[in-house]
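The values are calculated or read from the model by the stated rules, or taken from the named source; none is laboratory data. A quick note: this is a predicted structure, and the numbers were derived from the prediction, not measured. Cβ placement follows ideal geometry from the backbone for every residue including glycine, while neighbour counts extend to all protein chains displayed. Note: areas computed on protein heavy atoms with side chains; ligands, DNA, RNA excluded. Shrake-Rupley method; radii C 1.70, N 1.55, O 1.52, S 1.80 Å.
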Amino acid sequence: MDDLDNELLSALRHNARISVSSLAALTGASRATVSTRIDRLVENGTIAGFTIRTGHETRSAGVRAIVMIEVHGKLADKVATQLRGLPQVRALHSTNGKWDLVAELEDRDLVSFDETLRRIRLIDGINTTETNILLKTSKASF
């Protein structure tokens, strides 16, 4: 996976119906390249399927959390690339202080969330994590 793959995954997470032409314009790649990359991501299992979320699902996301991540040495870029490829990672922030990265996660239920955390903790270069499940949101935007 490279930056283009991650850009495509991010755009498809936001809108699974976005056209290949729009993806090409968004990423600066040719339509043929975008199409080939998406086919490869499907074939290798990175993209398991294309779906929609109904209004009910978007209003009641199963589990949302913030995960603070400490990265070993100079592996922050590699770790960030792998995290951006996970569909459960809705946003990824670099930060200062004790934690190197902060990931915003969203998953359908606790069982799936537990598996996502396991996958994150197995990423080479991650020293430690601290997870806080979000219980209630009082203000959703700035």
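For the stretch 61-142, the Cβ-based charge dipole about the Cα centre amounts to some 160 debye (Lys, Arg positive; Asp, Glu negative; other atoms uncharged). When the charge dipole of the chain is built from unit charges on Cβ atoms (+1 for Lys and Arg, -1 for Asp and Glu) and taken about the Cα centre, the candidate among GLY73, GLY62, ALA24 whose Cα reaches farthest toward its positive end is GLY62.
Working note: 222 nm ellipticity from helices only, DSSP H runs with n ≥ 4, each -39,500 (n - 2.57), summed and divided by the residues of the chain, gives -12000 deg cm²/dmol to the nearest 500. The candidate values were (1) 16.4; (2) 14.8; (3) 20.8; the one computed from these coordinates for Kirkwood radius over Cα pairs in Å carries the label (1). Using Cβ point charges alone (K and R +1, D and E -1), the dipole size of the chain about the Cα centre works out to roughly 400 debye. Taking every protein chain into account, the accessible area of the chain amounts to 66 square angstrom per residue (probe 1.4 Å). Taking a straight line from the alpha carbon of LYS74, these aspartates and glutamates sit under 13 Å away, with near neighbours fewer than eight places off in the same chain left out: ASP100, ASP124.
For the chain, the longest principal axis of the alpha carbon atoms and the long axis of helix 110-121 meet at an angle near 90°. Computed over neighbours whose Cβ is under 12 Å from that of ASN127, the net charge equals -2, Lys and Arg +1, Asp and Glu -1. Relative to the longest principal axis of the Cα atoms of the chain, the long axis of helix 31-43 lies at roughly 50 degrees. For LYS136, the lysines whose Cα falls under 29 Å of its own Cα, not counting residues fewer than eight places away in the same chain, are LYS98.
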